[in-house]
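Okay, so here's the structure we're looking at.
The values are calculated or read from the model by the stated rules, or taken from the named source; none is laboratory data. This one's a predicted model, so the numbers in the text were calculated from it and none came from an experiment. Backbone-built Cβ (ideal geometry, glycine too); neighbour counts: all protein chains shown.
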Amino acid sequence: MLLSLVVWIGGLIFFVAVLAPTAFSIPAVLPNTHLAGNVVRSALSKLHWIAIASGIVFLVTSLLYSRITDGTAHVFAARHVLLCLMLALTLVSQFGIMPRMDTWRASLGDVNAAPVDNPQRIQFDALHVWSTRVEGAVLLLGLVVVYLTARSF
């Protein structure tokens, strides 16, 4: 149960603290921001799939743990509700925000080469802001779930 949660939250922390900043430390790692965006997008998609699997594993094992130890599953316990919210936000990012960003990236090519007043660039930048907010919210909620879960032991 804890391992699945730590994998998810640890992956998010690694993504935010190491992967994204390293990919965009141009030209030390990649020659341009377009390639860095490709790397980050691919890694984020993989992280989302890890998150979905980890979230399901955590939910199932947490419900079973509650059922075995307390005699009831505590379906609406705070950690379960918050985890479902985390899963929902992850699904929104994976299947809502990222495909729309991909559409704008495909039409723009190198996003940074497009003028900042280009309507497509404006749309892409707005989606990027939302993507960042969603991932930040998932991370914060995840830290709360870690706390609530650790406290219950």
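Points to keep in mind about this one:
- Scanning region 42-51 finds no residues that are over 26 Å from residue 103 (Cα atoms) and not basic (Lys, Arg).
- Selection within region 68-81 - assigned to a helix (DSSP H, G or I), touching a residue at least 12 places away in the same chain (Cβ under 8 Å) and surrounded by fewer than 17 Cβ atoms within 10 Å (Cβ to Cβ): 78
- Counting only residues that are surrounded by fewer than 15 Cβ atoms within 10 Å (Cβ to Cβ) and either small (Gly, Ala, Ser) or not in a helix (DSSP H, G or I) (or both), region 119-136 holds 2 of them.
- Residues of region 11-41 that are among the small types (Gly, Ala, Ser) and over 12 Å from the mean Cα position of the chain (by Cα): 17, 20, 23, 25, 28, 36, 37.
- Qualifying positions in region 41-66 - among the basic types (Lys, Arg) and surrounded by 13 or more Cβ atoms within 10 Å (Cβ to Cβ): 41
- Residues (surrounded by 15 or more Cβ atoms within 10 Å (Cβ to Cβ) and either of a type in the set (Gly, Ala, Ser) or not in a helix (DSSP H, G or I) (or both)) located in region 99-117: 114
For (1) assigned to a loop (DSSP other than H, G, I, E, B); (2) at pLDDT below 85; (3) touching a helix residue (DSSP H, G or I) at 6+ places or on another chain (Cβ under 9 Å); (4) not polar (S, T, N, Q), each residue gets a yes or a no:
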| site | (1), (2), (3), (4) |
| --- | --- |
| 21 | no, no, no, yes |
| 29 | yes, yes, yes, yes |
| 35 | no, no, yes, yes |
| 41 | no, no, yes, yes |
| 52 | no, no, yes, yes |
| 59 | no, no, yes, yes |
| 62 | no, no, yes, no |
| 66 | no, no, yes, no |
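- Some residue of region 113-132 being touching a residue at least 12 places away in the same chain (Cβ under 8 Å), among the hydrophobic types (A, V, I, L, M, F, W, C) and under 20 Å from residue 54 (Cβ atoms): no
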